[in-house]
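Read through the structure below, which is laid out as structure tokens, and then see the notes.
The values are calculated or read from the model by the stated rules, or taken from the named source; none is laboratory data. Quantities reported herein were computed from a predicted structural model and do not represent experimental measurements. Quick reminder, even Gly has a Cβ in these numbers, built from the backbone with ideal geometry, and neighbours come from all protein chains shown.
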Amino acid sequence: MSEHNTDPELLNPGLPEDDPEPGVTWFISLVSVVVMVVTVLASVAMYFAFVEGEVDRKIVNQPVIALQELRLAQQEQLTEYQNYEVEDAEGNKLSRIRIPVSRAMELVVADARASTDATESDDSGEIASR
């Protein structure tokens, strides 16, 4: 039988004979895991801060232009005379006139005074006192 040579220097010339120290391997592994966890947590925190800032910038802090335009249009309808059309139940278009609110209030008060004056007067022509 032939004899086998088991000398590590002859099998792998130029390589160190011993294994790495387990303490150094554990230390490097633990430090790497800690650095990775800190990096992931910092990335997550930065992401959510960025998302919150974008939501605030794009949605919350936007001027409400459409709402402002709607309010201006409604204010215009309340203060100016306008012609508009509506459809009745049969589909006929009816022309209407929109009057300012202040003028409408004056007309309602004048109408109420006129009806009150008519009901206060007797058939004999005397005006009832309040």
Practice problem: Please work out if E87 is under 30 Å from E106 (Cα atoms) and surrounded by fewer than 10 Cβ atoms within 10 Å (Cβ to Cβ). | Solution: yes
Practice problem: Taking V60 as the residue in question, decide whether it is modelled with pLDDT of 90 or more and of a type outside the set (D, E). | Solution: no
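Every residue, every condition in (1) within 60 Å of the chain's Cα centre (by Cα); (2) at positive phi; (3) modelled with pLDDT of 60 or more, yes or no:
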{"residue": "L11", "(1), (2), (3)": "no, no, yes"}
{"residue": "G14", "(1), (2), (3)": "no, yes, yes"}
{"residue": "S29", "(1), (2), (3)": "yes, no, yes"}
{"residue": "T39", "(1), (2), (3)": "yes, no, yes"}
{"residue": "F50", "(1), (2), (3)": "yes, no, yes"}
Practice problem: State whether one or more residues within the stretch 39-51 are closer than 30 Å to V101 by Cβ and either outside the structural domain of V101 (by TED's automatic domain parsing) or out of contact with any Gly (no Cβ under 8 Å at 6 or more places or on another chain) (or both). | Solution: no
Self-check item: One residue from E85, E80 being closer than 30 Å to P100 by Cβ and either at pLDDT below 75 or in contact with a Ser or Thr (Cβ under 8 Å, 6 or more places away or on another chain) (or both)
Solution: E85
